[in-house]
1. How many residues does region 295-338 hold that are surrounded by fewer than 13 Cβ atoms within 10 Å (Cβ to Cβ), closer than 29 Å to residue 117 by Cα and either assigned by TED's automatic domain parsing to the domain that holds residue 260 or touching a strand residue (DSSP E or B) at 6+ places or on another chain (Cβ under 7 Å) (or both)?
2. If residue 202 passes every condition in (1) touching a strand residue (DSSP E or B) at 6+ places or on another chain (Cβ under 9 Å); (2) assigned to a helix (DSSP H, G or I) but one, which one does it miss?
3. Could you check region 298-328 and list, in sequence order, the residues that are over 16 Å from the mean Cα position of the chain (by Cα) and at pLDDT below 95?
4. Show me the helices (runs of 4 or more DSSP H) found entirely inside region 1-94 where at least 1 residues are without any contact (Cβ under 8 Å) to a residue 40 or more places away in the chain and over 15 Å from the mean Cα position of the chain (by Cα).
5. Which residues, taken from region 88-123, are farther than 21 Å from residue 65 by Cβ and surrounded by 20 or more Cβ atoms within 10 Å (Cβ to Cβ)?
6. I'd like to check something: does region 244-253 contain any residue that is buried (at least 16 other Cβ atoms within 10 Å of the Cβ), part of a loop (DSSP other than H, G, I, E, B) and without any contact (Cβ under 8 Å) to a residue 60 or more places away in the chain?
């Protein structure tokens, strides 16, 4: 039902499909910019991502908020199959910084809680997760007041220049091989190697065919920039680099993401060498800086590695959890006070 808050007409409605993506993308990018995150995503990115969700009933899972007829916020609540074999319900929520503090967060969280009450028993999920940018103090305060507990801290890092890249040769017996952008069989091997390397990582979802389709359909898909190390015919480690769009000041960021080394090849200096090689690769492709994301509680000391190679934290986000819940019984979730 429409209502008024701070003299604005606030309407929460169901997601209408790709026609909403341009406005939703603008909202998400405004939140990322406010949080200091340099990775801004395109409408094509959102089209690809939403087309390949595995367990989403989008008209029910995704709610959009309009203020005076303009899309200013949205949230999506859907369940995920995890690599560890359990299931959880995830909520992502974006509110334009220009309209914070007028009750929109409460409306979207209340929608998420109501949707989660249905999804948790249906999916056999063990917890409800809420993802929050670190500077979104209104949403953090709301989540903590409802009993959510902060369980993880993620960070975005940037290396501000691509000068002084250390000379770190790929250690023996590994060798780098170029990946043909047309070689779909190799792309699947790379996708599967990524899933295997991350299988024991916190929050890793189980790989699916739709995820593979999203992977190869991503507008930033750039096999020519990847750095993949082999031991014989086995993929030992890889970094799947891609370029961001040129910025108004002439700079261009590259993303050195999906940094993985298979468990049996760790502690040999391969990740460090691959990252140095990736920095040279994206520099030669026209990038002026590089970025990546990291789970700061990664037990393999990933954050320490990245900082030792010149990356610095520029943004943070948190994962909040409600639960765990008893299997098979509908949870009694709190309710947000909607103004």
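1. Here the count works out to 0.
2. Against the list (1) touching a strand residue (DSSP E or B) at 6+ places or on another chain (Cβ under 9 Å); (2) assigned to a helix (DSSP H, G or I), residue 202 comes up short only on (2).
3. Result: 299, 300, 301, 323, 324, 325, 326, 327, 328.
4. Details: elements: 21-34, 43-51, 58-61.
Output list reads 21-34, 43-51.
5. If we filter region 88-123 for residues that are farther than 21 Å from residue 65 by Cβ, which is where we start, we get 88, 120-123.
Within region 88-123, 88, 120 qualify.
6. Step one: of region 244-253, the residues buried (at least 16 other Cβ atoms within 10 Å of the Cβ) are 244, 252-253.
Subset that is part of a loop (DSSP other than H, G, I, E, B): 244, 252.
Within this subset, residues satisfying the condition of being without any contact (Cβ under 8 Å) to a residue 60 or more places away in the chain are 252.
Yes: one or more hits.
Each row is one residue, and each column tells you yes or no for (1) part of a loop (DSSP other than H, G, I, E, B); (2) closer than 27 Å to residue 255 by Cβ; (3) without any contact (Cβ under 8 Å) to a residue 24 or more places away in the chain; (4) touching a helix residue (DSSP H, G or I) at 6+ places or on another chain (Cβ under 9 Å).
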position	(1), (2), (3), (4)
274	no, yes, no, no
293	no, yes, no, no
306	no, yes, no, yes
313	no, yes, no, yes
317	no, yes, no, no
321	no, no, no, no
325	yes, no, no, yes
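For every residue, the table says whether it meets (1) out of contact with any helix residue (DSSP H, G or I) (no Cβ under 8 Å at 6 or more places or on another chain); (2) crowded, with 19+ Cβ neighbours inside 10 Å.
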{"position": "14", "(1), (2)": "no, no"}
{"position": "22", "(1), (2)": "no, no"}
{"position": "26", "(1), (2)": "yes, no"}
{"position": "34", "(1), (2)": "no, no"}
{"position": "50", "(1), (2)": "no, yes"}
{"position": "62", "(1), (2)": "yes, yes"}
{"position": "65", "(1), (2)": "no, yes"}
{"position": "78", "(1), (2)": "no, yes"}
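The values are calculated or read from the model by the stated rules, or taken from the named source; none is laboratory data. These figures come from a predicted structure and were not determined experimentally. Because the Cβ atoms are built from the backbone with ideal geometry, glycine has one as well, and the counts that use them run over all protein chains shown.
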